[in-house]
Each structure stands twice: as C-alpha cells, then as structure tokens.
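Novice: Okay, handing you the structure first.
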Amino acid sequence: MKFLLIFLSAILLILAISYPGLFFLAWLALIPTLFVLQDEKSLKRSFLWGWLLGFILYAGVSYWLFYPLRDFSGLPYPLVIVLTLLLLATAGLSRGLWALIYKLFSGERGDSLILLIASWLSIEYLMAQLFPYYPFGNLSLSQADFSPFLQLAELGGSYLVAAAVLLVNGLLFKSLLRQKMGYTLLVALLLLVTMFNANQSLEPIQERSRSAEKTLSLGVVETEISQEDKWLPENIEYNIEIAAELAGEAYEQGAELVIMPETVLTFDYLRNSYYREMFHEYFEQKGYLLVGSQAIKEDPAKQYNSVFMVDTDQEVLGRYNKRILVPGGESVPFPGVLEFFTGERWYSLTPGSENQVLSLSAGDNQGETGNNENGENDENYADDGDLGEGISFQVLICSEILYPPREIDELVDQQFIVNPSNEAWFGRGNLQTQMWQSARLRAVESRMPVIKAGNYATSGKVFSDGSYRLIEGAEVLEVRLLESGRERTIYQKYGDYPAYLALLLILVIGPAYKLYRAAS
C-alpha cells in the first residue's frame, strides 16, 4: 500500500510538470507521500520511501537522458541502461534526504507546514548548488500555466512558487488528517490572495509596456533537424542552406535582428572562413544576426559553445560562450572510465569564464570598443553599429535557461533575454516543456521578455507577465524596448531568500530547538 501511495505522488508530479495544464495535480501530489511518512516510524525507511519518490519522479522527468548516451556514447547498450539508472538513483537521493529531514524534525504529529516547506526548499536549493547539472523536475515548473502562482516569481523566484505549491499540499493534508475543513478554507484564501497579487502586479507591467517608445523587430528562427543528421560532416552545407534560407525569410519580413538556434552552424564560425562566406552568400543580411556554433578562441584544444553578434558587414560585434555545460552532450564526466569501456578518447567543451552582455554596438558590447572576452584586442571584433545605441540583451544558451541568470540583479540595464537552444540531443519528451516553462519563470522573475529560438524546441516570445506567443520556421516578433536603469523586482534585489530562510530553519533553528527540547 505504501509503495502505491509513493508511486501515486510521483505520477501526479510527473503529469503536472509534463502537461502544464494539469498544474492543479501538483497541489495534491505530495499528500500520499505525507501520509506514508506520517505513519512511518523508522528514519531509515522514511529515507528509502523518499528516495523511491525521487527515483520515480526523476525517471519520469528526465528519462530522455538515456537517448544521447545510447546514440552518441558508443557504450554497450546494457552499460547505457545501467548508467542511466545510476544517474536517476543518485538524483533520487535528494528526495530521500528531504524525507529524512522532514521526519527527523516533524515531531509526533508529523504535519508541520513550516517544516514541509523548509525541508523541501532546502534540499532543492542545495541540489542546485552542489549538483547544478541536474536542474530537472523542479516543483515550480508545474505552475507556469497558473498565473497567480507564476507571478510570485517576481517576489521570490522559483522557490516562492514552489513554497505556494507545498503550502497547498500541506494544508490539504492537514485537512484530511485532522478532518477539519478550516484548512481547506485556508487553501481557498491562499488562492484568492495570490489572484489579487497577480492582478496588482500585472497592472504596472502592462503600463510600462504600453509606455515603451521604441520597439525592435526580432526574427526568431526555429529548426527541426535531428541530432543524428545535424552533426554528420557531410551535412555541413545542407545545414548552412537551411539556416540561410530561414534567416533570409526573417529579413524579408522586416527583421532588424535575426536570432538563430544554438549551434545552428556546425563549423567554427569565427575560424572557418570558407563555410562562413558560403553561409552569408545564400541570403541578403538586412540587419543584425545572432548565430551560434562551436568555436575555439586562442587555444585550439579548447572549444566553446558560442553565439556571435554579427553586423550587416559580417563583422563580429560580440561573443557569448556558454558557462554551464550539460553532462553527456557538452561535458563528459569520468572520461577515463568511458575510454576504458569504449577504447575511444572523450573530450568536453570548455565553459565560458565570464558573462558577456551583447548589444547592437561594439562599444557597449565589449566594455571597450574592439575588445574580446578577455579584454584583449581582437581583429575579429567590429568597431561600429548604428541601429540602436543602448539596446542590449542577456544570452542564456540552451539549458542555462533552467537557472536564474547569475547577474539577474543587473538585467535592469538590458531589454530582453535570448535563449538559443538545441534540444535535439534528447529527442522528443518533456525536456522541451521544462525548458519552455523555465523561460516563463525567468521572464516573470526579471519582468522582461524572453526570446527562445531552438532546434527541436518550443520557440517564440515570452512576455514579461509569463504569457507567450509561439512561432514556427521563421517569424518576426515585435519587442518593446524597456528603459535602462529601471527598478529591480524584489527577486532581483534579494535573490533566493525563501531558500536562505529555509536553510536557516533546517540547519540552525531546527537543531537548536531539538537540543533545547532534549535538555529540558
């Protein structure tokens, strides 16, 4: 019976994350598990029940990690299955720790709302800090389609959204456990309060958007190229033709800046002049271009996942190198072990060392006209730009959208966020949903638009209130340009304070209270 309850909790969470319209399932998802933990006397078994919840949950929200290992690792099929299961089992330990902490501090009744929220947020935060390469299945992703909870991201980021979901679960659990309708009425009150907050917070956002005097026409490109076809050397020219055709379509529609998917070009854009010239000969570039490829810098042994800002003279105004790499596709853990099993050498991309805000002028872009990421003079960087002084944006490549930007408090000087992605590594699954829902969270956290251009991805524009418009192929979207130096959101000012408070409670106040009770 307990196994079925744990299984039910995991399935409800998986459904809510995979199908955002079922957001309400997340409000009920933890109740079966809370009944299991309330009845369980053993800390060891509580940990195992939590681990089982995590294992099933992560299997349902990240099963697609199996595909790149199977298709591109060269490992024997049985070993791929074993490694995938080990990864899921390791990730599940985080939920085991949550169950252990919750049980350890919950006391006799085992229905503390504060402890439920604090223990869950603490583990989610620690996992993000200690194991940042696995940001999947977060509770907040289930609420992007429920605007009253989504708007809470402006106040406290994804952790405050998750706290609201946990509070609903806890109140409904207490209502069932104690047979008191008062707790259910508190859920109704919570929904009313968050609805009121959403209405209040959206009014100034809409007014700010209406008052924006300038707009920028963005050509957003979406491609549908499988990973197997994308990286075949004989398909380089085919990829070039597709990318060039879609870029040309966007410019014909009036785009002033065309944004293309991550690594849309499968050659080193900066160093391979033959293919670069071929690419630009296929279309008339009538505006700026943001295009991605894997490219080296000074050291030929270090390759980066990069996007380049290119002007109408095909000169590079700026470059952003992805800073957080994904295991499997970009970063190879334990390359020596893989070499032992496959007989092949394994290489990882190099993470970018610092943030590069891109703009439509070289001077703004590099902090010093003509300088590269290291502050050194680089002849590949242009020295002009005439479209719009002061127009700049933050780039987050692919999976980086799953995290709040490290410099989120500085985004008040940029006009929008760009997320070029290639999600074909993982086939079709709920990764695409999690990436898109994350983009909606990032938009509300910073109250600025997010533009997503992807391959095998959901692409389009997310407005600053979390609503969106999807695109197919190549389409032009108008973006109202926000003023620089605008007021920061509460989340931009104070960051992940809900998680900090949760850690304080779990690591300091909770143990101190237990010691006090033991001594008295």
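Novice: Could you list all residues from segment 258-292 that are out of contact with any Cys (no Cβ under 7 Å at 6 or more places or on another chain) and within 17 Å of Asn419 (Cβ to Cβ)?
Specialist: Val258, Ile259, Met260, Pro261, Thr263, Val264, Leu289, Leu290, Val291, Gly292
Novice: Which of (1) hydrophobic (A, V, I, L, M, F, W, C); (2) outside the structural domain of Ser459 (by TED's automatic domain parsing); (3) in contact with a helix residue (DSSP H, G or I) (Cβ under 6 Å, 6 or more places away or on another chain) does Val221 not meet, given it meets every other one?
Specialist: (2)
Novice: Do we find that Gly170 is more than 14 Å from Phe149 (Cβ to Cβ) and at pLDDT 95 or above in this structure?
Specialist: So Gly170 passes the test.
Novice: Kindly indicate whether any position in segment 35-46 is in contact with a helix residue (DSSP H, G or I) (Cβ under 8 Å, 6 or more places away or on another chain), farther than 22 Å from Leu100 by Cβ and in the same structural domain as Leu177 (by TED's automatic domain parsing).
Specialist: There is no residue in segment 35-46 that is in contact with a helix residue (DSSP H, G or I) (Cβ under 8 Å, 6 or more places away or on another chain), farther than 22 Å from Leu100 by Cβ and in the same structural domain as Leu177 (by TED's automatic domain parsing).
Novice: How many of the residues making up segment 443-467 are among the small types (Gly, Ala, Ser), crowded, with 24+ Cβ neighbours inside 10 Å and not in a loop (DSSP other than H, G, I, E, B)?
Specialist: Result for segment 443-467: 4.
Novice: Same structure, new question: Among the residues of segment 126-146, what is the count of those that are assigned to a helix (DSSP H, G or I) and either surrounded by fewer than 19 Cβ atoms within 10 Å (Cβ to Cβ) or within 14 Å of the chain's Cα centre (by Cα) (or both)?
Specialist: Of the residues in that region, 8 qualify.
Novice: Search segment 389-409 for residues that are assigned by TED's automatic domain parsing to the domain that holds Leu358 and crowded, with 24+ Cβ neighbours inside 10 Å and pair each with any residue that is of a type in the set (D, E, K, R) and not in a helix (DSSP H, G or I) when their beta-carbon atoms are under 6 Å apart and the residues are at least 6 apart or on different chains.
Specialist: Ile397/Glu262; Ile397/Lys322; Cys398/Glu262
Novice: Go through the residues of segment 213-229 one by one and say whether even a single one is modelled with pLDDT under 95, surrounded by fewer than 20 Cβ atoms within 10 Å (Cβ to Cβ) and of a type in the set (A, V, I, L, M, F, W, C).
Specialist: Within segment 213-229 (the criterion being modelled with pLDDT under 95, surrounded by fewer than 20 Cβ atoms within 10 Å (Cβ to Cβ) and of a type in the set (A, V, I, L, M, F, W, C)), the answer is no, since none of the residues qualifies.
Novice: Give the residue, chosen from Leu85, Leu57, Leu13, that is within 22 Å of Gly427 (Cα to Cα), under 26 Å from the mean Cα position of the chain (by Cα) and exposed (fewer than 15 other Cβ atoms within 10 Å of the Cβ).
Specialist: It is Leu85.
The values are calculated or read from the model by the stated rules, or taken from the named source; none is laboratory data. These numbers come from a predicted model, not from an experiment. Because the Cβ atoms are built from the backbone with ideal geometry, glycine has one as well, and the counts that use them run over all protein chains shown.
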